[in-house]
Amino acid sequence: MSLAADMLKTPLINLSMDIAEAVRLDRDAELAVSVIIPCFDSAAFLHPCLESLIHQTLPQARFEVICIDDCSTDDTLQVLRKYEGRIANLRIIRHVKNRKQGAARNTGLDAARGRYVFFLDSDDFLRVDTLEVMLNVIGNADVAVCQHIKTRYDKPHKRTVSNRHVKTTLSLAALENTVGWWPFGMLILRQMLDNHGIRFREGVYFEDIDFNIRVFLNATSHAITKEALYYYIERDSSTVNSVNEKKLRDSVAAIADVYGLIAGTATKGDQDAFLKKSSGWLMLQAQRLRDSSNTPEEKDRLAQLFVDGLRSGHLLEKLDAGLGEKILQTAAQPPASAAGAATQKNPENFRYNPWPKDFRDEFMDKVIFFCEVNYHIRSAAPIARELKARGIDSIIVDASRSTTFSSNRPLPDEELPLYADVNLRPFNVGETLPFATDAAAFIFMNDLTYTKRLIFENFGFGVPTFGFYEGINDDWNLDRISPRMPYRSVDYLLLPGIYQQGFYRDRECRIVGLPNVRSWLAKPYAPPTRRRAIINVNFTYGVLEDRRDSYVESAVRACQEMGLDYIITQHPADKADLSAYNVGKESVYDMLAEGSLLISRFSTTMLEALAMGRPVIYHNPINERVPKFGQPLGAYSMSHDVESLKAALQREMDFVDNGGSVRDRAALFLHFHCNTADSRDPSELAAAAIAEVVSNPPDRFAFKTGAQDFVRPRALRLSSAAVPASVPESSLPHANGSLLDRLVADPDYTARHAQLLQACAAALLLDPVVTLEQLGDGTPLAKTMAEATAALGEDNTLVAHYRKTLAHAQGVRPRSGPRTLPSAAIPAA
């Protein structure tokens, strides 16, 4: 990396943090969720529960985890202690005596600080995006409910998914148990619980039935998602499947307590619905008694005690006719041969596999790329070649022709021979999901389509996952409506540039660059052949589509009033009827090769146009909030209505007409967003990051494989002929190089002094404290700046700008509080 780029690294990182902080919603700063986990003798199965919280896509600063050790007799407390520091807001509370689950949950409720509470049992675990999705689902409601998967991983088992739902009213759904009589899988407004004094009954079984019903009866609004976000793990030793005298007495008390609650308030219809459902639930307890390991004599005694309890509580006459006799008859029957029918006999060498086919043998020890469109493959192939040079095999999954996508963008047939040297495998992911439990690593170009199923299921197998951040994204869903933010479900993230670091500061990231931008920079500059504006229209996937017309109309009107020819390039997924305008049929790249400048909203095309040397105007009359193009750093103009767009058009055309270089002017911006000042190619940097992990892999959390929770994977041995970690500056793979590289690499470059002044002025604006230290008396940077100002003379406008920013920076004190977004931008050269 060049001296100028290295000098700007710290201030650009600070700018990235400032931009992210400036757009963070107020609600994102609060402690949103308190996850409450009652623990008793949980050491043997606690790891999946806690690991699922470490891997949550919701930033750890936004939730706390409260574990209540209910006086365990095993190593539960020691296991919990190991997670201190790994879970940011972990709080461990220990009961001095065993008080049962209801009391443990109440302890957690009393200690909770989050806006919402979420109950998680210590032997269950969450999907890695559960908390983020639930916060998006709940909106302004009092309670949100998700579905759960009932499963196990130690023997064959038929997975079942719950159907928690509300048919008519929430109160009826609560009383007839369609929304669930269990507290897990629910996000509950804590203030509502406190306002109504809702807590669990203590020292009893089935304490959750009346708790849930009280929650739903007092909630003024609710939300339910069909997504299964909670994993309920079946176990042979589960207390749910055991029966004793106390459990039967407590089951009677649970029903009596709720009936006493609703007897004077609920409608007769709601009361009848509750009694009917209770009859079925009480029969379930009788069936569990039948299938228990008690002796026949003990079963008869317990069944009679059960019926007597219902009679003495004045419930028997209100429940289904003949319920008492049915309970006695059921308990006297032989145990059902299919007790726990969903679970089959454990075969020898059983290994859980989530789908019918496991590509274990084919994918073993290979890096697997998951590509959905043609440009994914174009980005993956060079990385695969770099990995091959390091002795690491890979497979590129080509899903571009799959039937599950609304539109397909496969590689053209004539392009396929270019990839004959890589292992390119076509898959129709609508029919077969290419998953393997023993791959070396998975590389995902996105984590929001079919790929999320693979990523979610990979939890518990522990194959390292990478997200290759391609193009641009609304990182915090400021404009996009989505239950989850992109790229937060993977282990490692390969970022295009420094800009994204502020948005992913809590993830493990490597900066590698953006291949498409680097490839355009590698080509010699070609001047446009036609004075024409290209208007980029890319309103897709429901994002701001209702504002498309105002954007298009204002852009077209500005061009017409300027007497400037225009053509519209429409994204393939943008299905709007633009037949009233001049819409081109050729590709956007062909249009840019011919036309003079680009008018665009949020789009990767802006980066590509700048790399091609075309002026760009970021036109935002639609109030989109994504901040990516809000700080141009002198690279382009911005507009928000017809008049400001007209002014920007004139400014950009004058700049080019006067011999200005768009590439030079955009160098700092492109490095900030695409790492263009790094002499190493993005494919090399990405391959190096992947190789680092697979050659020295961390322990895998692999409880689904039937092994211990954590296993040491086999490290892949790198080839001795591996590509070096860095390459000489002279081997930069593009003809012109970026401006920042040339500033130092070519001492005779005529604009070197001017551009160094501009870069240093930018550093003074972005991070005055650090840059002033670097400009101290006698430092190399101070001598370089003195040479530059002397060479250009004090009358030079850039020297004057540098002097002003230097004087301004010298009056800036070190920042002690949160950084604010800089208001100044670097002027155009």
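The values are calculated or read from the model by the stated rules, or taken from the named source; none is laboratory data. These numbers come from a predicted model, not from an experiment. Note that each Cβ is placed from the backbone with ideal geometry, even for glycine, and that neighbours are counted across all protein chains shown. With ligands, DNA and RNA removed, areas are computed over all heavy atoms of the protein, side chains included. Shrake-Rupley method; radii C 1.70, N 1.55, O 1.52, S 1.80 Å.
Axis of helix 207-218 versus longest Cα principal axis of the chain: the two differ by about 60°, to the nearest ten degrees.
For segment 449-587, give the magnitude of the charge dipole about the Cα centre (Cβ charges: +1 Lys/Arg, -1 Asp/Glu; no others), in debye to the nearest 20.
Details: 18 positive and 17 negative charges, 81 e Å.
That gives segment 449-587 a dipole magnitude of about 400 debye.
Ordering Trp520, Trp182 by accessible area with a probe of 1.4 Å, largest first, what comes out? Mind dumping the intermediate values first?
Values: Trp520 40, Trp182 65 Å².
Descending order: Trp182, Trp520.
At 1.306 mPa s and 10 °C, plugging the Kirkwood radius over alpha-carbon pairs of segment 65-122 into Stokes-Einstein gives what diffusion coefficient in µm²/s? Rounded, D is 133 µm²/s.
Rounded, prolate or oblate: which one fits segment 218-267, using the alpha carbon gyration tensor with axes a ≥ b ≥ c (rounded when a/c is under 1.5, else prolate when a/b beats b/c, else oblate)?
Oblate shape, in that a/c is at least 1.5 and b/c is the bigger or equal ratio.
Measuring between alpha carbons in the structure, the pairs from Lys226/Lys575; Lys226/Lys246; Lys82/Lys158; Lys150/Lys277; Lys226/Lys452; Lys158/Lys299 lying more than 26 angstrom apart are Lys226/Lys575; Lys226/Lys246; Lys82/Lys158; Lys158/Lys299.
How would Arg249, Arg99, Arg152 line up by accessible area, probe 1.4 Å, largest first?
Working: Arg249 130, Arg99 90, Arg152 15 Å².
The residues order as Arg249, Arg99, Arg152, largest area first.
Computed from the C-beta positions of Thr540 and Val161, the FRET efficiency with R₀ = 41 Å rounds to 0.85.
Computed from the C-beta positions of Arg651 and Arg409, the FRET efficiency with R₀ = 30 Å rounds to 0.25. Taken along the Cα-to-beta-carbon direction at a fixed 7 Å, the label points for Asn244 and Asn696 span 5.2 nm. Taking a point 7 Å out from the Cα of Ala522 in the direction of its Cβ, none of the residues of segment 565-592 has a backbone N less than 16 Å from it. Note on Glu561/Phe350: beta-carbon distance plugged into 1/(1 + (r/R0)^6) with R0 of 51 Å gives a FRET efficiency of 0.10. Residue order by solvent-accessible surface for Tyr205, Tyr232, Tyr504 is Tyr205, Tyr232, Tyr504, largest first, with ligands and nucleic acids left out and a 1.4 Å probe.
Between Glu362 and Met283, the simple spin-label model (points 7 angstrom out along Cα→Cβ) gives 4.8 nm.
Axis of helix 100-111 versus longest Cα principal axis of the chain: the two differ by about 40°, to the nearest ten degrees.
Between Rg and the Kirkwood Rh of segment 526-599, both from Cα atoms, what is the Rg to Rh ratio? All intermediate terms of the calculation are to be shown ahead of the outcome.
On the way: Rg = 12.2 Å, Rh = 12.7 Å.
Here the Rg-to-Rh quotient is 0.96.
The angle separating the long axis of helix 797-810 from the principal Cα axis of greatest extent in the chain is about 40 degrees.
Can you classify the chain as rounded, prolate or oblate using the Cα gyration tensor, where a ≥ b ≥ c are the square roots of its eigenvalues, rounded means a/c under 1.5, and otherwise it's prolate if a/b beats b/c and oblate if not? In terms of gyration-tensor shape, prolate.
Is segment 609-712 best put as rounded, prolate or oblate by its Cα gyration tensor, with a ≥ b ≥ c the root eigenvalues, rounded for a/c under 1.5, and otherwise prolate when a/b is larger than b/c, oblate when not? Verdict is oblate for segment 609-712. Please identify which residues in segment 250-281 have an amide N closer than 13 Å to a label point set 7 Å out from the Cα of Leu305, following the Cα→Cβ vector. Under cut-off, by backbone N: 250-252.
Label-to-label distance, Ser221 versus Arg81, with points set 7 angstrom from Cα along the beta-carbon direction: 4.6 nm.
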